[in-house]
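Notes follow the structure.
Throughout, read-outs are computed from the coordinates displayed, never taken from laboratory work. All figures in this text were calculated on a predicted structure; none of them were measured in a lab. Glycine gets a Cβ as well: all are built from the backbone with ideal geometry, and neighbour counts include every protein chain shown.
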């Protein structure tokens, strides 16, 4: 195998480099997926029927907690990739664990939020607005859930095999995915919550 | 310990917290819809750019041309989807 020593480990093989490019193309497709959800959300935003509107059910506190958790987790996984590049496996694994714990906490707050919505009469089938709201938030939440399991698998591989071109490449691609989830959340925070409470 | 917290990352994190704070202005202050949306659009896209360029290392691979093309393509389609839907479903009727 041809290993290019001038590049960080995750880019050091041609396969690894192309895996990263391929993942960016996947992220481009994910951007479009979330665009369709946002487009539907903006269209159905005031179709509340007999159900509540956004400003009646949104609460700033859980939303701020979720935002801070996800922003911090994006920061810690960035530090994890940095630690990986200076070859510090222990620090890298610690940062990835912190990231996953923050992600799990985010998910916990989001589940609380969903239960709260159902309790105040904003379940999935109440109106076009609640349907698209819960679908948009839920699609992001499902991505985070998937990311948690993916991250655990990555950590197990790094623990078992150490930092090789392959495990470094997988870890880096996972970090891209995690940062992307944070980007999507920033748009949900701005254009679903803040716009709805404005 | 210090080498684990590079200044660039810490600054990026602080900057993203500041942008979140600025976006919160639309909640705590009484603003017109246009002014509020302008603030949100600027802070959201600034944060997204910060993440992609700083934390996702988009510009450092030898494939950076292809990476930027695929991301920008995704964003252009996203903008067309959102604005086109708004035009067809909402703006076209008022």
Nearest 0.05, what FRET efficiency do residue B:1 and residue A:68 give at R0 = 25 Å with Cβ-Cβ as r?
0.60
Roughly speaking, what is the centre-to-centre gap between the stretch A:67-95 and the stretch A:1-20 when only Cα atoms are used, to the nearest Å?
21 Å
Classify the protein assembly as shown as rounded, prolate or oblate from the Cα gyration tensor: take a ≥ b ≥ c as the square roots of its eigenvalues, call it rounded if a/c is under 1.5, otherwise prolate when a/b beats b/c and oblate if not.
prolate
Please work out the Cα center distance from the stretch B:73-89 to the stretch A:148-190, rounded to the nearest Å.
29 Å
So what does the Cα-only Debye profile of chain B read at q = 0.20 Å⁻¹, as log10 I(q)/I(0), no solvent term?
-1.09
Among rounded, prolate and oblate, which fits the stretch A:1-78 when a ≥ b ≥ c are the square roots of the eigenvalues of its C-alpha gyration tensor, a/c under 1.5 means rounded, and a/b larger than b/c means prolate?
oblate
Relative to chain A, whose Cα atoms define the longest principal axis, helix A:165-188 and its Cα axis are tilted in degrees, nearest 10, by 20 degrees
Can you give me the angle between helix B:64-89 and the longest principal axis of chain B, using Cα atoms only, in degrees from 0 to 90, rounded to the nearest 10?
20 degrees
Tell me the mean residue ellipticity at 222 nm calculated for chain A from its helices only (DSSP H runs of n ≥ 4, each -39500 (n - 2.57), averaged over every residue, nearest 500).
-27000 deg cm²/dmol
Before anything else, pin down the relative contact order of chain B: Cα pairs under 8 Å, at least 6 apart, normalised by residue count, whole percent.
23 percent
One finds, for residue A:7 and residue A:105 with R0 = 35 angstrom and r their Cβ-Cβ distance, a FRET efficiency to the nearest 0.05 of 0.50
For a quick protection proxy, order the peptides A:170-179, B:23-32, A:128-137 by their average other-Cβ count within 10 Å, most packed first.
A:170-179, A:128-137, B:23-32
Which value in Å does the Kirkwood hydrodynamic radius of the stretch A:64-192 take, with 1/r averaged over all unlike C-alpha pairs and then inverted?
15.5 Å
Quick one: angle between helix A:60-85 and the longest Cα principal axis of chain A, in degrees between 0 and 90, rounded to 10, please.
10 degrees
Which whole-number percentage describes the relative contact order of the stretch A:12-197, with Cα contacts under 8 Å and a sequence gap of 6 or more?
34 percent
In nanometres, the difference between 0.36 nm per residue of separation and the alpha-carbon distance of residue A:159 and residue A:46 is 35.7 nm
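For the stretch B:1-56, what class follows from the C-alpha gyration tensor (a ≥ b ≥ c being the square roots of its eigenvalues): rounded when a/c is under 1.5, otherwise prolate if a/b is larger than b/c, else oblate?
Verdict is oblate for the stretch B:1-56.
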